[in-house]
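One structure is given here, and the rest of the page talks about it.
The values are calculated or read from the model by the stated rules, or taken from the named source; none is laboratory data. The structure displayed is predicted, hence computed values, not measured ones. Cβ atoms come from the backbone with ideal geometry, glycine included; neighbour counts cover every protein chain shown.
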Amino acid sequence: MLPAALTTLLVTLLSLLTDFPDVDNLPSPPPPLSFELRHLHAVSPSAHVVFADVPRRAAVLSENAHTVQTRTIRTFKPPSFALHAQARAQSMRFGQSLLQDFPWEEEEIPAPDVEDRNTLLELAKMSNNAYVDPDDPAWYELGANWTVSYPFGWEPDADGFRGHVFATPDNATVVLALKGTSSGFLGGGGPTAKKDKLNDNLLFSCCCAYVNFRWTPVCDCYRGGWTCQADCVEESLIDDSLFYPIGTNLYNNLTYMYPNADVWIIGHSLGGALASLLGATFGSPVVAFESPGEKMAAGRLHLPSPPSTQHITHVYHTADPIAMGTCNGVLSSCALGGYAMESKCHLGTSIVYDTVSNLSWPVDIRTHGIVNVIEKVLGVPWPPSVEAGREVPQAHEEEDCIECYSWEYGDF
């Protein structure tokens, strides 16, 4: 037997080397959150954000609720929106280098657990519901049937930004769900289609949706050949009637209504890209589904880049040419519909389902829809992830991503 002093020394050394945690003092994971439909939001023809309240009935709140799992993340928020806007304005005038010293404030906040398949599924259903009102057959019932007053701002002649607001019963967390593109070639249309298309062509094209001489550009920045006036493209994105400025107005209104709440932003397609841009602006957690690459747009908007964009998560599959950045060229489905979807690089991290290799899906724009993602991708266990002991594919950053490599930008 070892002497008592030596035994004590060995035990002490082993405890230092192994550094076992105190199980009793481990922080518990954040609890799951239950959300209920609280508001419908839209933008009137005068570009004012309009909310329509959904009546709350105490007897059915528990039935209306649906649950998502949460996790704690670190994020970076601006000290104020005014300071953020001032930094953008100075950067547009004097150059991007001024954004490097922006005084971000680091916080720990609850966010969706993006490694939980059912959480992604519920958020995808909310993103689908951003396209319709609760009486529409396309609405996914996330709890009991909801009766709502006629939503102001969603009349047939309404134009612009649309979606829904969900909230936890204690108002501690709200989810802002943004509608994506409504267009004929994606199986829809309606009063927002024209404005949706304008935003798509401004945000995701290399130069004002100039594809060839047969196209009518959406801004006058093309300078011949493969040259594009850089400051012209940037200025074309700051019009108050476009969706990013409307989105910042909407977010500020929402935080005024819920001053103590954590705000999550979600959306599909164009709605997902806008969610990411707003998340990069305000530091809110984002989950975007089948979004076109928005990293180029963030640079053109001169958004200050936070030390980390890990709070932004993209979810898409490899058969979607819009999310993959391959729906371009004069003979592509997007171009035939009048959309110059030429961007491909995403902010944050991406959870990519390889449906081409694992499900033998062809690359087809018809796989882009959110219902397809809900029913065929997230609605069932993903075998490659299950085999790896996970629920969803591992999130990763998109490194060495290049887009619009043929173009030259400058002062022409």
Conditions first: (1) touching a residue at least 40 places away in the same chain (Cβ under 8 Å); (2) crowded, with 21+ Cβ neighbours inside 10 Å; (3) not charged (D, E, K, R). Thr355 passes all but one, so which condition is the exception?
(1)
Restricting to strands (runs of 3 or more DSSP E) lying wholly in region 40-123: which have 3 or more residues that are at pLDDT 90 or above and under 29 Å from His268 (Cβ atoms)?
70-77, 105-112
Taking region 398-412 on its own, how many of its residues are surrounded by 10 or more Cβ atoms within 10 Å (Cβ to Cβ), part of a loop (DSSP other than H, G, I, E, B) and either without any contact (Cβ under 8 Å) to a residue 12 or more places away in the chain or acidic (Asp, Glu) (or both)?
2
Hey, does region 331-349 have a residue that's charged (D, E, K, R), in a loop (DSSP other than H, G, I, E, B) and either over 17 Å from Ala124 (Cβ atoms) or more than 18 Å from the chain's Cα centre (by Cα) (or both)?
yes
Note on region 369-397: residues more than 16 Å from Val114 (Cα to Cα), part of a loop (DSSP other than H, G, I, E, B) and touching a residue at least 60 places away in the same chain (Cβ under 8 Å) are Gly369
Condition met for Val287 (within 25 Å of Gln69 (Cβ to Cβ), in contact (Cβ under 8 Å) with a residue 24 or more places away in the chain, crowded, with 24+ Cβ neighbours inside 10 Å and under 20 Å from the mean Cα position of the chain (by Cα)):
yes
Identity of the residue in region 159-184, within 15 Å of Ala273 (Cα to Cα) and in contact with a strand residue (DSSP E or B) (Cβ under 7 Å, 6 or more places away or on another chain), that ends up modelled with the lowest pLDDT
Phe161
Quick check: is even one residue across region 375-385 aliphatic (A, V, I, L, M), surrounded by 20 or more Cβ atoms within 10 Å (Cβ to Cβ), modelled with pLDDT of 95 or more and closer than 16 Å to Met324 by Cβ?
yes
Filter region 72-110 for residues that are surrounded by 14 or more Cβ atoms within 10 Å (Cβ to Cβ), touching a strand residue (DSSP E or B) at 6+ places or on another chain (Cβ under 6 Å) and of a type in the set (D, E, K, R); the one that is farthest from Leu33 (Cα to Cα) is Lys77
Counting only residues in region 306-321 that are touching a Phe, Trp or Tyr at 6+ places or on another chain (Cβ under 9 Å) and hydrophobic (A, V, I, L, M, F, W, C), the one surrounded by the fewest Cβ atoms within 10 Å (Cβ to Cβ) is identified as Ala319
Residues of region 193-246 being surrounded by 19 or more Cβ atoms within 10 Å (Cβ to Cβ) and among the basic types (Lys, Arg), which ones?
Lys195, Lys197
